[in-house]
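The next block holds one structure in the form of structure tokens; read it before the comments.
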Amino acid sequence: MRILYHLIVLYMTIQLVWYLFREKNFWKQASLVLVLVLFLLRLFLIE
Amino acid sequence: MKTKHIIAGSLLLALTLAVGFFSGREFLSMRQDDEIFPSSGLTAKKMLSDYFPALKDTAGDTEVFIFDSAAKGGNLLIVGGTHPNEPAGTMTAILLAETIRAAQGKAVIIPWANASGFTHSDPQEGSPQRFFLETPAGRRWFRLGSRVTNPVHQWPDPTIYVNPMGQKLAGIEARNLNRAYPGKATGYLTEKVAFAVMALIQKEGIELGIDLHESAPEYPVINAIVFHENASELAAIAQMELQAEGFEFRLEASPPNLRGLTHREWGDAAGIKAVLLETPNASHGRLKGRPTISLIVDGKDKYYEQAARLGRLFVPYGPDGIPLKLRVARHLAGVRAILASFNELEPDKAIELADMPSPADVQAKGLGPFLK
């Protein structure tokens with residue numbers, strides 16, 4: 001179950017980083033990193 | 001120009017990693033256990049996993065302190081930290097472990113019953129991670145955890161939780177130790193912790209169990225002794241003694257159809273006299289203002305004052321608030337009265353704890369001077 005959770009969170013994190021570099025609007029990039037912090041913490045199982 | 005968004009993205013990613021690093025370090029600091037300095041009356045220190053080995057090396061394992069007089073008498077269990085966001089329960093257990101000596105019978109103390117719950121705080125509450133008390137040896141910190149087990153240690157929550165007694169509850173209650181009794185050897189981590197406590201009760205021959213809690217001032221079961229029906233006489237005598245001392249306690253019978261709680265399952269499954277004590281804690285109530293360390297320790301909150309004026313609370317709440325020292329004093333008075341009542345009813349199984357701080361002293365001086 002934990003591996004599945006890691007895979008889901010890792011997939012979402014990679015997607016977020018991918019969009020971070022594709023997005024051209026700075027404010028959308030800034031909004032995106034607010035979510036990315038949470039995904040990074042989740043990825044390392046930090047609650 | 002084409003690379004402008006790449007540069008912005010790189011800077012933002014670096015910022016994200018920095019924020020993630022520092023906030024992650026803060027969160028991880030909660031996995032460091034509080035320190036405890038047991039009194040010289042300690043005769044054995046065990047782990048909960050000694051009673052149920054499947055808990056070993058898990059986040060549910062926790063310290064158990066035993067004070068055995070070797071003189072014939074009864075056996076008492078005191079549990080704090082069933083709900084890690086109810087600090088008076090934990091602090092009373094710590095205070096007892098650092099001061100008492102068993103003069104007759106045996107006392108077993110578990111200060112952090114839901115050890116996993118102390119490794120995180122409730123999401124979206126903005127609660128402080130720890131609070132501080134001045135002691136003769138200097139400033140000590142104590143964690144304020146969450147009501148439930150850390151989801152990192154027990155995940156995912158079911159949609160509906162069916163506890164070991166078959167009661168259906170909201171999914172999050174699967175992580176609530178006080179809904180998981182009598183536990184399950186092959187169940188969730190929280191159920192395994194409950195199972196280990198039941199194994200301890202059996203192995204240590206416990207006859208009287210006291211579970212120390214707190215509740216929000218707007219919650220009706222407050223300033224209360226919640227008792228299993230086999231402890232009804234004991235609770236009634238204790239209440240009279242407490243009233244004579246000036247402590248108002250109400251009596252609440254454990255509802256027979258509310259399953260999985262200590263005051264129900266310790267009595268039903270283990271046959272011991274089981275009681276649960278509640279004190280009022282503004283820091284985990286819903287009407288509070290900003291959750292601060294001061295709110296935990298000093299217990300003052302202007303919104304609760306207003307709620308009291310409007311008659312919305314079940315306890316008196318004035319400008320002085322309800323400080324931690326008063327809540328711990330109430331728990332100490334409750335433990336003392338319950339013990340006196342137990343000794344009166346079961347003189348051949350008497351339990352005597354020496355060197356226990358008096359509630360009046362704790363109320364007057366605070367906890368600090370009695371801690372190491």
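Of note:
- Look at the range B:13-40: where a residue is facing another protein chain (nearest Cβ under 9 Å) and a partner is among the acidic types (Asp, Glu) and surrounded by 13 or more Cβ atoms within 10 Å (Cβ to Cβ), sitting 6+ places away or on another chain with Cβ atoms under 8 Å, you get B:PHE27/A:GLU47.
- Condition met for B:ASP61 (out of contact with any His (no Cβ under 9 Å at 6 or more places or on another chain), over 25 Å from B:VAL148 (Cα atoms) and surrounded by 17 or more Cβ atoms within 10 Å (Cβ to Cβ)): no
- Scanning the range B:1-53 for residues that are more than 19 Å from the chain's Cα centre (by Cα), hydrophobic (A, V, I, L, M, F, W, C) and under 30 Å from B:ALA93 (Cβ atoms) yields a total of 5.
- Condition met for B:ARG250 (under 24 Å from B:ALA333 (Cβ atoms) and surrounded by fewer than 18 Cβ atoms within 10 Å (Cβ to Cβ)): yes
- Screening A:LEU7, A:LEU41 for residues that are surrounded by 15 or more Cβ atoms within 10 Å (Cβ to Cβ), of a type outside the set (Phe, Trp, Tyr) and either in a helix (DSSP H, G or I) or within 7 Å of chain B (Cβ to nearest Cβ) (or both) leaves exactly one candidate, A:LEU41.
- Enumeration of residues in the range A:20-37 that are within 9 Å of chain B (Cβ to nearest Cβ) and aliphatic (A, V, I, L, M): A:LEU20, A:ALA30, A:LEU32, A:VAL33, A:LEU34, A:LEU36, A:VAL37
- Residue in the range B:78-87 that is surrounded by 21 or more Cβ atoms within 10 Å (Cβ to Cβ), farther than 21 Å from B:PRO291 by Cβ and in contact (Cβ under 8 Å) with a residue 12 or more places away in the chain present: yes
- Residue check, B:PRO84 away from chain A (no Cβ under 14 Å), touching a helix residue (DSSP H, G or I) at 6+ places or on another chain (Cβ under 9 Å) and assigned to a loop (DSSP other than H, G, I, E, B): no
- A:VAL17 vs. criteria loosely packed, with under 15 Cβ neighbours inside 10 Å and within 10 Å of another protein chain (Cβ to nearest Cβ): no
- Residue that is nearest to B:THR186 (Cα to Cα) [pool: residues in the range B:41-59 that are part of a loop (DSSP other than H, G, I, E, B) and touching a residue at least 60 places away in the same chain (Cβ under 8 Å)]: B:PHE52
Let's see how each residue does on (1) part of a strand (DSSP E or B); (2) within 19 Å of B:ASN114 (Cβ to Cβ); (3) over 22 Å from the mean Cα position of the chain (by Cα):
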{"site": "B:VAL226", "(1), (2), (3)": "yes, yes, no"}
{"site": "B:ALA238", "(1), (2), (3)": "no, no, no"}
{"site": "B:GLU241", "(1), (2), (3)": "no, no, yes"}
{"site": "B:GLU248", "(1), (2), (3)": "no, no, no"}
{"site": "B:PRO256", "(1), (2), (3)": "no, no, yes"}
{"site": "B:GLY260", "(1), (2), (3)": "no, yes, no"}
{"site": "B:ARG264", "(1), (2), (3)": "no, yes, no"}
{"site": "B:ALA274", "(1), (2), (3)": "yes, yes, no"}
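- Scanning the range B:207-261 for residues that are in contact with a helix residue (DSSP H, G or I) (Cβ under 6 Å, 6 or more places away or on another chain) and among the hydroxyl-bearing types (Ser, Thr, Tyr) turns up just one, B:SER254.
- Condition check for B:PRO291: farther than 19 Å from B:ASN176 by Cα and over 18 Å from the mean Cα position of the chain (by Cα): yes
All of the numbers you see were taken from the coordinates with simple rules; none came from a lab. Computed from a predicted model, the values in this text were never measured in an experiment. Every residue, glycine as well, gets a Cβ built from its backbone with ideal geometry; the counts of neighbours run over all protein chains shown.
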